[in-house]
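Just below is one structure, and these are the notes that go with it.
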Amino acid sequence: MTTTDLPLLVLGRGADSKSERGVDCPGSLPSASDPDLVARARAAKEALGERVFVLGHHYQRDEVIAFADVTGDSFKLARDAAGRPDAEFIVFCGVHFMAESADILTGPEQKVILPDLAAGCSMSDMARIGQVEDAWDALVEAGVADSVVPVTYMNSSADIKAFCGRNGGAVCTSSNAQVALEWAFEQKPDAKVLFMPDQHLGRNTAVLQMGLSLDDCVLWDPHRANGGLTTGQLEAARVILWRGHCSVHGRFTPEVVDELRATVPGIQILVHPECRYEVVTKADLVGSTEFIINTIEAARSGSSWAIGTELNLVQRLANAHPDKNVTFLDKTVCYCSTMNRIDLPHFVWAMESLVAGQVVNQIQVDVDTEKWALVALQRMLDLPAKTAAKD
Ligand code: 13P
Ligand code: SF4
């Protein structure tokens, strides 16, 4: 199977989507069939010149990536946004939590734009600030909160990042989860980590990268009283994993890994740490999207790879490396539907609005949330660089 054999099915632009009903798009959203879209995007970008800086996450569509000044995973893009204090507008082609982080890391006069406000993240939505505050109260009640250091994955809302900042914790990404956990364990004697919202990244990092046991980890279910855990379980735990997951990476299965190994001689399995533990333990390599790209770039010609991450990126890698056999680690097509909401019509609409002097879809984090989220983000940015990889 090659990615080009896959039936191309574009998901995530259902007719009932908020933005297609025009709620987020005052003025006119160009038609997807407008033959001038590329020329219009180019003209708007030229007209804005240095005033605009366009960031593109690796999971974005090719049609949008073509206009990105820089591409990257969420960690790199957070750094890149902070590195352009001169740009008046940051157009973030990614999802809502990434645009919030960019707003926090950029100056007060800079404006961060998300071309479609419906580009959220289902994983990020699995941890709400009210649920996290309730969990913290329960940890206080159980008598363990004093030893807990909260760490949140970048894929979370700004108010949860701020919660971590206020409570001595930090943000991490898939590039630095291990160093972030090591840092957290050093913050207090007998520290425990409350890891939100991706249970898989937390478990894979704690067990496969750091050598903790599965029994050291407990799962906090925000929909059950006391997270579904006893005081004894909380006392014994080293890592309290929030019950959240990525709906894209959660689809990969160990059965497909076995099937590919049996049918493609020498195939190497390369997956993102948001995949399930049972998949990651069967993989040859695990790492962030940036790590996945670097691995394929460095791979020898003729080598075979099955990649467990978002399909736009896997297709782009397959196209960029025709001398390598790059396939998708799933039998069915699966894009991140919310990432895919940022398409050329929304991009053109946002850029042309800026040219016309109208700032649309600005993402603005309130001052107090920003202050504390920045504390947690800065703790992450100050961590020593280390790429997560199992090899
Ligand atoms: P990274 O960008 O940190 O690799 O995370 C992948 C992802 O799911 C982004 O939403
Ligand atoms: Fe969220 Fe997963 Fe999509 Fe990333 S790939 S934005 S974690 S749903």
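The values are calculated or read from the model by the stated rules, or taken from the named source; none is laboratory data. In this text the structure is predicted, and so the values were computed from the model without any measurement. A quick note on method: Cβ atoms are made from the backbone with ideal geometry, for glycine too, and the neighbour counts reach across all protein chains shown. When the accessible area is computed, the model is the full protein with side chains, heavy atoms only, and any ligands, DNA or RNA have been set aside. Shrake-Rupley method; radii C 1.70, N 1.55, O 1.52, S 1.80 Å.
Per residue, how much accessible area does the range 258-380 have with a 1.4 Å probe, in Å²? Mind dumping the intermediate values first?
Details: 4540 Å² over 123 residues.
Counting only protein heavy atoms, the per-residue value for the range 258-380 is 37 Å².
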### Query
Counting only heavy atoms of protein chains, what accessible area per residue, in Å², does the range 74-220 have with a probe of 1.4 Å?
31
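Given axes a ≥ b ≥ c from the Cα gyration tensor, I'd like to know whether the range 219-365 is rounded (a/c under 1.5), prolate (a/b larger than b/c) or oblate. Display every interim value, and only then the final one.
Working: a/c = 2.49, a/b = 1.04, b/c = 2.40.
It is oblate, given that a/c is not under 1.5 and a/b is not larger than b/c.
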### Query
Looking only at Glu46, Glu352, Glu370, which one moves most when the chain is put into a Gaussian network model with springs between Cα atoms under 10 Å?
Glu46
### Task
Report, for the range 26-142, the % of DSSP beta bridges that are antiparallel, rounded to 5.
0
### Query
For the range 105-110, in order, what is each residue's ³J(HN,Hα) by Karplus, 6.51 cos²θ - 1.76 cosθ + 1.60 with θ = phi - 60°, in whole Hz (x at glycine and Pro)?
8, 9, x, x, 8, 7
### Message
If you restrict to DSSP beta bridges whose two residues both lie in the chain, what percentage is antiparallel, to the nearest 5?
### Response
5
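Restricting to DSSP loop positions (anything but H, G, I, E, B) with no more than 13 other Cβ atoms inside 10 Å of their own Cβ, which trypsin sites (Lys or Arg not before Pro) remain in the range 207-296?
Numbers: sites: Arg224, Arg238, Arg243, Arg251, Arg261, Arg276, Lys282; in loops: Arg224, Arg238, Arg243, Arg276, Lys282.
Passing both the DSSP loop test and the Cβ count: Arg224.
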### Task
Within the range 316-390, report the trypsin sites (Lys or Arg not before Pro) that DSSP leaves as loop and that have at most 14 other Cβ atoms within 10 Å.
Lys331, Lys386
## Note on the structure
Where a ≥ b ≥ c are root eigenvalues of the Cα gyration tensor, a/c under 1.5 meaning rounded, otherwise prolate if a/b exceeds b/c and oblate otherwise, the chain counts as oblate
### Query
How do 309-315, 334-340 rank on mean C-beta neighbours within 10 Å, highest first?
309-315, 334-340
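Where the only charges are on Cβ atoms (+1 Lys, Arg; -1 Asp, Glu), what is the dipole of the range 291-334 about its Cα centre, to the nearest 20 debye? Write down the numbers at each step before the final one.
Numbers: 4 positive and 4 negative charges, 17 e Å.
Taking the Cα centre of the range 291-334 as origin, the dipole is about 80 debye.
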### Query
Amide H neighbours of Val70 under 5 Å, counting only residues 5+ apart in sequence or on other chains, H built in-plane at 1.01 Å?
Val54, Gly56
### Task
For the range 295-310 and the range 84-108, compute the distance between their C-alpha centroids and round to whole Å.
31
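Take the alpha carbon gyration tensor of the range 217-256, find the square roots of its eigenvalues, order them as a ≥ b ≥ c, and report rounded if a/c is under 1.5; if not, report prolate when a/b exceeds b/c, else oblate. Could the numbers behind the result be given before it?
Values: a/c = 3.36, a/b = 2.08, b/c = 1.62.
In terms of gyration-tensor shape, prolate.
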### Query
Residue by residue through the range 248-263, which ³J(HN,Hα) values in whole Hz follow from phi under the Karplus form 6.51 cos²θ - 1.76 cosθ + 1.60 (θ = phi - 60°), with glycine and proline marked x?
7, 6, x, 7, 5, 10, x, 4, 5, 4, 4, 4, 5, 5, 6, 10
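Explain nothing, just the number: dipole magnitude of the range 160-249 about its Cα centre with +1 on each Lys and Arg Cβ and -1 on each Asp and Glu Cβ, in debye rounded to the nearest 20.
On the way: 8 positive and 8 negative charges, 57 e Å.
In debye, rounded to 20, the range 160-249 gives about 280.
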### Query
Got a sec to turn the phi values of the range 79-90 into Karplus ³J(HN,Hα) couplings, 6.51 cos²θ - 1.76 cosθ + 1.60 with θ = phi - 60°, whole Hz, x for Gly and Pro?
5, 4, 4, 5, x, 10, x, 7, 7, 6, 10, 10
### Task
Pairs of Cα atoms under 8 Å, at least six residues apart: use those to get the relative contact order of the range 54-164, whole percent.
22
### Query
If you put +1 on each Lys and Arg Cβ and -1 on each Asp and Glu Cβ, how big is the dipole of the range 174-318 around its Cα centre, in Debye rounded to 20?
160
### Message
Tell me the mean residue ellipticity at 222 nm calculated for the chain from its helices only (DSSP H runs of n ≥ 4, each -39500 (n - 2.57), averaged over every residue, nearest 500).
### Response
-10500 deg cm²/dmol
### Query
Trp220's amide H: which non-local residues (gap 5+, or another chain) put their own amide H closer than 5 Å, with H modeled 1.01 Å from N in plane and none for Pro or chain starts?
Leu241, Trp242, Arg243
### Task
Mind listing the long-range amide H neighbours of Val112? Cut-off is under 5 Å, sequence gap 5 or more, other chains count too, H placed in the peptide plane at 1.01 Å from N.
Ile90, Ile363
### Task
Over the chain, calculate the relative contact order: mean separation of alpha carbon pairs under 8 Å at least 6 apart, over the residue count, as a percent.
24
### Query
Which of Ser28, Ser175, Ser304 moves most in a GNM of the chain, Cα contacts under 10 Å?
Ser28
#### Entry: Fraction of accessible area attributable to carbon and sulfur, the chain (%, probe 1.4 Å)
49
